[in-house]
Amino acid sequence: MLPTPVIRVAHLTKRYGAQVIIDDLSFEVAQGETLVLLGPSGCGKTTLLKTLNRLIEPDGGTIEINGRDVRQQRPEELRRGIGYVIQQVGLLPHYTVADNVAVVPRLLGRPPAETAIRTTELLERLHLPAAHFGPLLPAQLSGGQQQRVGLARALAADPPVVLLDEPFGALDPITRAAVRCDFRELDELRRKTVVLVTHDVTEAFELADRIMLLNNGKIQQLGPPRELLLHPANDFVRSFFQAERLALQLRVLTLGEVAPFLVPAEKTSPADAPTLPLSASVQEAVALLSETGLASLYLAGTSQPVTLGQLLAAFGRALG
């Protein structure tokens, strides 16, 4: 049985004067799914995101969240039930970290004790111990810490839908990778319907269950990351990923897919050499061998060691 759609968008349009920003878009987002909106600047991805919580009103079409038309709700009530994180974070500067996280639960009338427990739990899960960070002001935090607080605030009322507009875009690469890892591993987000805007292709492939690639307000392709990469629907999709194609192929192809192309070599390997499951990506195996200096590793269910050279050769053959 297919997952239940939480978001349904039908024939959505938005214009600014004569310029069409969103051009007759229809799609659904399932419960627990992360949909990433990707595309060049000006393609309509941020406008589309903001129509979901009525920060921007569309000119036509319908948006339903949990079966209810968003226009049947007052905007402020709608937004209290949707987590929202932006690149600039938007923390209240004169509120402490704990008070920033607790804003929405308090607006919803949640009991203070329950809100305090929830705030502490979220800060701890995002590596911001509440005893230390809770009393601080946003100005006392680094950019990465502020972004974590913004994510905690978006999750504090346990909304079923979370919208993120380039949430990691202002961070340096190292901090960005760390916060992205926290995002990916946060159990609570796995239960939520997430729509995320990014211009970072690697980020999209790392976080998305499906990617919607947009151009000129139209959907060019909508599907799992590997589908867009390996089976592009048109020339635009193909060219959009061209510059990073090799790195993305390493990410999406699994060891199970390249294993049939391995050419055995007469080599031995220590019994304690690591074993990777066939579901692991080629990138994971390459990174393990490169970073540790190990000569080889085993694929699950096999007794023949695989070297870095063998692995890369098999990868090339798998791509044809």
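Taking all protein chains together, Glu203, Glu124 sort by accessible area into Glu124, Glu203, largest first [probe 1.4 Å]. In summary, region 82-129 shows an alpha-carbon radius of gyration equal to 1.15 times the 2.2 N^0.38 Å reference for compact globular proteins. For region 51-65, the residues whose amide N sits under 16 Å from a probe point set 7 Å from the Cα of Asp24 along the beta carbon direction are 59-62.
Hull volume per residue, based on the alpha-carbon atoms of region 41-108 and their convex hull, is 113 Å³.
Working out 0.36 nm times the residue gap between Arg74 and Thr4, then minus their Cα-Cα distance, what length gain in nm do you get to one decimal?
Working: separation 70, 0.36 × 70 = 25.20 nm, distance 2.45 nm.
Contour length minus the Cα-Cα distance gives 22.8 nm.
Most mobile of Phe261, Phe236, Phe168 per a Gaussian network model of the chain (Cα springs, under 10 Å)? The residue that fluctuates most here is Phe261. Of the three principal axes defined by the Cα atoms of region 1-40, the extents in descending order read 42, 21, 11 Å.
Taking all protein chains as shown and a probe of 1.4 angstrom, Thr96 keeps an accessible surface of around 40 Å². The mean accessible area for residues of the chain, using a 1.4 Å probe and ignoring ligands and nucleic acids, is 48 Å² per residue. When the chain is treated as a GNM with alpha-carbon contacts under 10 Å, the residue of Leu25, Leu35, Leu48 showing the greatest mean-square fluctuation is Leu25. Here region 96-148 is assigned +1 on the Cβ of each Lys and Arg and -1 on the Cβ of each Asp and Glu. Its dipole about the Cα centre then comes out at about 100 debye. Only one residue of Leu12, His94, Gln304 has its Cα farthest out toward the positive end of the dipole of the chain, where Lys and Arg carry +1 and Asp and Glu -1 on Cβ, and that residue is Leu12.
Can you tell me what the convex hull of the Cα atoms of the chain projects to on average, as an area in nm²? Don't skip to the answer; put the middle values down first.
Values: hull surface 80.1 nm².
Reported value for the Cα convex hull: 20.0 nm².
For Asp99, the solvent-accessible surface computed with a 1.4 Å probe is close to 50 Å², ligands and nucleic acids excluded. All distinct Cα pairs of region 1-145 go into the 1/r average, and the inverse of that average, the Kirkwood radius, is 17.7 Å.
The figure for His127 is an accessible area of roughly 120 square angstrom, using a 1.4 Å probe on the protein chains alone. Mean separation of Cα pairs under 8 Å and 6 or more residues apart, divided by the residue count, gives region 147-283 a relative contact order of 15 percent. In µm²/s, what is D for region 120-272 at 25 °C and 0.890 mPa s, where D = kT/(6 pi eta Rh) by Stokes-Einstein and Rh is the Kirkwood radius from Cα pairs? Translational D for this selection: 134 µm²/s.
Could you please state, rounded to a whole Å, how far the C-alpha centre of region 58-76 is from the C-alpha centre of region 122-163? Centre-to-centre (Cα) distance: 29 Å.
Quote the convex hull volume per residue of region 1-78, based on C-alpha atoms, as a whole number of Å³.
Working: hull volume 7.9 nm³, N = 78.
Residue-normalised Cα hull volume stands at 101 Å³.
Please report, to two decimal places, log10 I(q)/I(0) for region 211-320 at q = 0.11, 0.12, 0.18 Å⁻¹ as given by the Debye formula with identical point scatterers on the Cα atoms and no solvent. The Cα Debye sum returns log10 ratios of -0.42, -0.48, -0.85.
Can you give the calculated 222 nm mean residue ellipticity of the chain, where each DSSP H run of n ≥ 4 adds -39,500 (n - 2.57) and the sum is split over every residue, rounded to the nearest 500 deg cm²/dmol? Write out the running numbers ahead of the final one.
On the way: 15 runs with 126 residues, N = 320.
After summing the helix terms and dividing by the residues of the chain, the value is -11000 deg cm²/dmol.
The values are calculated or read from the model by the stated rules, or taken from the named source; none is laboratory data. Worth saying up front: this structure is predicted, and the values here are computed from it rather than measured. Cβ atoms come from the backbone with ideal geometry, glycine included; neighbour counts cover every protein chain shown. Calculation scope for accessible area: heavy atoms of the full protein, side chains included, ligands and nucleic acids excluded. Shrake-Rupley method; radii C 1.70, N 1.55, O 1.52, S 1.80 Å.
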